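One structure is given below, encoded as structure tokens.
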Amino acid sequence: MNKKKGLNLDIYYTPHQIKEAKMIKLNKIIKYLIYSDLIFYSGWGLISPIFALYLVDSLKLTAFVVGMAAAVHLITRSLLRVPFGMQADKSQKIAFRFMFWGLLVAALVPLGYISAASSAHIYALQALLGASLAMSTAGWTSIFAKHMDKGKESTEWGVDAVAVGLGPGIAGAVGGITVTLFSFNLVFAIVALAGLLGAFLLLFIKKEILAKQTGTGELFVHHELRRLKKARIN
């Protein structure tokens with residue numbers, strides 16, 4: 001019998017539905033990592049449909065520069081991802097620093113787009129973006145993998161995939177509308193703000209991440225036991 005504050009869930013849901021609802025419940029660290037991803041990448045989703053247009057129409061650059069800008073970002077990010085990952089695997093402290101500072105630096109890149117005046121400026125900003133995202137992703141994946149709930153690994157990766165797919169997808173439409181009604185600069189400012197929010201959100205789980213662990217997927221046993229005891233009382 002499943003009860004909470006006198007409510008008998010068995011009356012309204014089948015045992016299978018109750019089990020499925022419990023399976024998707026996420027621990028605090030995983031939830032905040034996904035929230036951070038959702039906010040940060042939704043912000044960057046605003047830029048996706050309009051960045052090439054900005055380079056060509058506003059900065060009067062060529063299609064060649066658009067292609068090279070994308071290449072600089074992705075090549076830099078790819079080349080640095082494994083080296084950063086090897087360092088992040090050494091400790092959760094290093095992983096957290098990479099994750100936080102990487103997102104923080106990446107969040108400031110859109111402000112650079114506002115003042116950019118040449119292809120060289122764009123290439124430099126794209127290289128900085130690639131390096132910072134390689135750093136943040138290395139730290140993020142290290143922490144996420146070590147703090148997943150046992151038996152829910154695919155579900156938790158799936159929830160994050162939904163967040164970084166659906167959020168930016170909706171934001172893409174919003175970005176186009178915002179540029180049409182207002183300006184590119186406003187979009188870049190919003191992206192920077194969203195990025196900073198996504199980065200600082202991670203500070204709420206810094207203590208838990210750096211706390212002593214008993215192993216992958218088993219988070220802070222004393223904390224979990226206290227939570228379960230409280231749930232039983234309620």
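Quick rundown of the values:
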| quantity | calculated |
| --- | --- |
| Residue order, fewest to most beta carbons within 10 Å, for Thr178, Thr62, Thr76 | Thr62, Thr178, Thr76 |
| Ranked list, fewest to most other Cβ atoms within 10 Å of each Cβ, for Tyr41, Tyr113 | Tyr41, Tyr113 |
| Cα lying deepest toward the dipole's positive end in region 24-233, options Gly195, Gly67, Tyr123, charges on Cβ | Gly195 |
| Computed lengthening from Lys93 to Ala71, 0.36 nm per intervening residue step minus Cα-Cα distance | 4.8 nm |
| Relative packing of peptides 99-105, 121-127, 202-208 - highest average C-beta neighbours within 10 Å first | 99-105, 121-127, 202-208 |
| Fewest-first sequence of Phe182, Phe98 by Cβ atoms within 10 Å of each Cβ | Phe182, Phe98 |
| Cβ charges +1 (Lys, Arg) and -1 (Asp, Glu), total dipole of region 24-233, debye | 1000 |
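Values quoted throughout were computed directly from the atomic coordinates according to the rules given, and no laboratory measurement underlies them. Here the structure is a predicted model, which is why all the values come from computation and not from measurement. Note: ideal-geometry Cβ built from the backbone for every residue, glycine included; neighbour counts use all protein chains shown.
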